[in-house]
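Only one structure is covered here, and it is reproduced in the block below.
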Amino acid sequence: MRCAFSHHTDYQRQKETHPYVQAVHALTDIVEYRGRNPILYPDFIFIQTKIGKKFFKYCKFVHSVAERVINRRRETLQKECVSSRKFLDLVDILLTAKDENGDGLTPLEIRNEANTFMFEGHDTTSSAISWILYSLAEHMDVQNKVRIEVDSIMEDRQTDDLQWDDLSHLEYLGMVIKEGMRQHCPVPVVARQLTKDFQIDGHVFPSGTSVAVDIYMLHHNEEVWERPMEFIPERFSKENASKIGPFQFIPFSAGPRNCIGQNFAMNEVKVVLAKLVHRYKFELEPNHIPRKRASLVMRAANGILLRVSSR
Ligand code: HEM
């Protein structure tokens, strides 16, 4: 929120889950439920149902949160001179952008972009961090190796704040994050609507068809990956990564509409995991195996429970 919207929230320190986060969870669950129930596809039916009414109520709420953040920023911008600012955040860019005819974005377009950033910016990274922590608890040898790497950077420091230059030195952690995203897929599926007829293996998919690309299946396909069910960070070592095809590993999707925040996300996940592993040890909770549930982002139906102890 601070990087994209210059908005200070500290939501993660609040005891209760923030209503915005709760609403996003409910919305993603409803999208998943609707996707599996073709009877709910037509809007005029969906709108009449209890779950449809809940969906629109939550949509209204998340839109109001985005609008509040945008309006606050708009007021600040009116008081400040944009060119005197050291950097522009996302909302500044959206509010001041003009096309070649000098036309800016409409309020709805601005809100749509802000919504994508708010949703994509928190639920995906928290899914990635949670599942990778689970993998680290499952593979103590990997966790210890990450800790040795992080400790070597943190030693002799007064604080455990990482510096920009440190990120490129956390090479093994980078490999672990990639393998975690291969195995757990924070965004398991992406979808497209075909704008022209499209042919695969002799089958023609007509224009207008909705197509889902199952990233989770691709990342676990034996024809694409060796021992796909195993957690092997070395797949992503410098030497091995050069052999990975551009459409083989796509946690951030691929093509012109891939994730705009992927570098930001990789750095964010790196910083959070490095700080956590530096301070704490993560172990599996006996008898608890999280069951994956794809709900736009990859969640655990029964939660991810870990034993955490200070080092
Ligand atoms: C681990 C974290 C993340 C994952 C796995 C992820 C994954 C994805 C994927 C798969 C898409 C493409 C959806 C599609 O092809 O239809 C996407 C789009 C997008 N992501 Fe991310 N994302 C992450 C973090 C972030 C962050 C931190 C931000 C912003 C701060 C962000 C902003 C966006 C935006 C704006 C789009 C839409 C791009 C467009 O439509 O042109 N993402 N993300």
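Using the Cα centre of the chain as the reference point, and only Cβ charges (+1 on K/R, -1 on D/E), how large is the resulting charge dipole? Debye, rounded to the nearest 20. Show your work: numbers first, answer last.
Working: 41 positive and 41 negative charges, 244 e Å.
Its charge dipole is roughly 1180 debye.
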Heavy-atom accessible area of Glu230, protein chains in place, probe 1.4 angstrom, given in Å² to nearest 10, is 80
Rounded to the nearest 10 Å², the accessible area of Lys243 using a 1.4 Å probe with every protein chain kept is 150
So, with points 7 Å from each Cα along the Cβ direction, the Val204-Glu109 label distance in nm works out to 3.5
Filtered hits (lysines, Cα-Cα < 30 Å from Lys54, offset >= 8 within chain) -> Lys15, Lys292
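Restricting to DSSP H runs of at least four residues, report the calculated mean residue ellipticity at 222 nm for the chain, -39500 (n - 2.57) per run over all residues, nearest 500 deg cm²/dmol.
Values: 12 runs with 156 residues, N = 311.
Roughly -16000 deg cm²/dmol at 222 nm, from the helical runs in the chain.
Measure up Lys145/Lys275; Lys145/Lys178; Lys178/Lys275; Lys196/Lys243; Lys60/Lys98 against 20 Å on the Cα-Cα distance and list the ones that go over.
Values: Lys145/Lys275 14 Å; Lys145/Lys178 15 Å; Lys178/Lys275 18 Å; Lys196/Lys243 32 Å; Lys60/Lys98 28 Å.
Over 20 Å Cα-Cα: Lys196/Lys243; Lys60/Lys98.
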Hull volume per residue for the chain, using the convex hull of the C-alpha atoms, in Å³ is 202
With the charge dipole of the range 1-105 built from beta-carbon charges (+1 for Lys and Arg, -1 for Asp and Glu) about the Cα centre, the Cα from Leu94, Met1, Gly104 projecting farthest to the positive end belongs to Met1
Rounded to one decimal in nm, the spacing of the 7 Å Cα→Cβ label points at Arg291 and Phe247 is 3.4
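Assuming a ≥ b ≥ c are the square roots of the Cα gyration tensor eigenvalues, decide whether the range 1-105 counts as rounded (a/c under 1.5), prolate (otherwise, with a/b larger than b/c) or oblate. Kindly include the intermediate steps, with their values, before the conclusion.
Numbers: a/c = 3.24, a/b = 1.73, b/c = 1.87.
Here the range 1-105 falls in the oblate category.
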For the chain, averaging the sequence separation of alpha carbon pairs under 8 Å that lie six or more residues apart and dividing by its residue count, the contact order in percent is 19
With the 8 Å Cα cutoff and a minimum separation of six or more residues, the range 173-222 has a relative contact order in percent of 39
Tyr280 and Ser152 label points (each 7 Å along its Cα→Cβ direction) are spaced in nm at 2.6
Under 18 Å by backbone N from the virtual spin label 7 Å along Cα-to-Cβ at Lys57, the residues of the range 4-20 are 18-20
Contact order relative to length for the range 1-105, counting C-alpha pairs under 8 Å separated by 6 or more residues, stands in percent at 30
Excluding residues fewer than 8 positions from Lys53 in its own chain, the aspartates and glutamates with Cα under 20 Å of it are Asp29, Glu32, Asp43
Most fluctuating of Asn115, Asn101, Asn221 in the GNM of the chain (C-alpha, under 10 Å) is Asn101
Ranking Leu305, Leu133 from most to least accessible area with a 1.4 Å probe gives Leu305, Leu133
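The values are calculated or read from the model by the stated rules, or taken from the named source; none is laboratory data. The structure displayed is predicted, hence computed values, not measured ones. All Cβ positions, even for glycine, are placed from backbone atoms using ideal geometry, and neighbour counts span all protein chains on display. What goes into the accessible areas is simple: the full protein's heavy atoms, side chains included, and nothing from ligands, DNA or RNA. Shrake-Rupley method; radii C 1.70, N 1.55, O 1.52, S 1.80 Å.
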